[in-house]
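The values are calculated or read from the model by the stated rules, or taken from the named source; none is laboratory data. The shown structure was predicted, so the numbers you read here are calculated from the model rather than taken from an experiment. Reconstructed Cβ throughout: ideal geometry from the backbone, glycine too, with neighbour counts over all protein chains shown.
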Amino acid sequence: AQTVTQSQPEMSVQEAETVTLSCTYDTSESDYYLFWYKQPPSRQMILVIRQEAYKQQNATENRFSVNFQKAAKSFSLKISDSQLGDAAMYFCAYRHGPSGTYKYIFGTGTRLKVLA
Amino acid sequence: DTEVTQTPKHLVMGMTNKKSLKCEQHMGHRAMYWYKQKAKKPPELMFVYSYEKLSINESVPSRFSPECPNSSLLNLHLHALQPEDSALYLCASSQVRTGFENQPQHFGDGTRLSIL
């Protein structure tokens, strides 16, 4: 069975600085997708970034980028130029690849605090 | 603005009441999901519908009864709930067609449910 581990329950970063959130996963599959979701106090889960396992290039979305190490089964999220609005719970999620209904496996989450 | 709409946003009910949660999306997604989320925990999958048919039931107690009347609407009927069922209930939707495997789930804002 697949598992997702986020070893940092809480992280803090100074505004405008860079922070990296870690995520590791375990799977025997070769075709899968990885996601980072953000959940602010407003409750909605918001997609931050996604990575297809078959792509070697790390995904980037503006200030957010990932370091995807397939062999090490690691998928960390880097937030550059941190802003107060980045404060939220961040969940790493794994999803099996083929088309159809998808079962996401979420990590336990990392609460990010941004200090002014 | 969220593309998945959940109503009500808050619900307080007694253990003998019957109520329903509603979820609606108009993105043409043919997979819809119910999750339960306790405070400071990741979402836990409850049910998945694919093309209006139940495809995954994660051994959820029968006091929770899902229904998917059409491709845009998902309901969760509640009856005789227990205090431990108090949680945030999230709805999500996604594409299921071949070629859209990298598309993420889109989440609603959730219904905060309290059982007295």
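Some values worked out for this structure:
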item	result
Any hit, region A:75-91, residues being without any contact (Cβ under 8 Å) to a residue 40 or more places away in the chain, surrounded by 13 or more Cβ atoms within 10 Å (Cβ to Cβ) and within 14 Å of chain B (Cβ to nearest Cβ)	no
Enumeration of residues in region A:23-53 that are loosely packed, with under 15 Cβ neighbours inside 10 Å and at pLDDT below 90	A:S28, A:E29, A:S30, A:D31, A:P41, A:S42
Checking A:A71 against (1) more than 9 Å from chain B (Cβ to nearest Cβ); (2) in a loop (DSSP other than H, G, I, E, B); (3) buried (at least 20 other Cβ atoms within 10 Å of the Cβ), the condition it does not meet	(3)
Residue within region B:72-79 that is away from every other protein chain (no Cβ under 14 Å) and either touching a residue at least 60 places away in the same chain (Cβ under 8 Å) or on the phi > 0 side of the Ramachandran plot (or both) present	yes
Meets criteria (surrounded by 13 or more Cβ atoms within 10 Å (Cβ to Cβ), more than 11 Å from chain A (Cβ to nearest Cβ) and in contact (Cβ under 8 Å) with a residue 12 or more places away in the chain) for B:C23	yes
Pair list, Cβ < 6 Å and 6+ apart or interchain, from region B:37-61 residues that are facing chain A (nearest Cβ under 9 Å) to residues that are part of a strand (DSSP E or B) and of a type in the set (K, R)	B:E44/B:K36
Residue in region A:2-11 that is in contact (Cβ under 8 Å) with a residue 24 or more places away in the chain, among the hydroxyl-bearing types (S, T, Y) and closer than 24 Å to B:G110 by Cα present	no
Residue in region A:99-111 that is of a type in the set (V, I, T), touching a residue at least 60 places away in the same chain (Cβ under 8 Å), part of a strand (DSSP E or B) and in contact with a Leu (Cβ under 7 Å, 6 or more places away or on another chain) present	yes
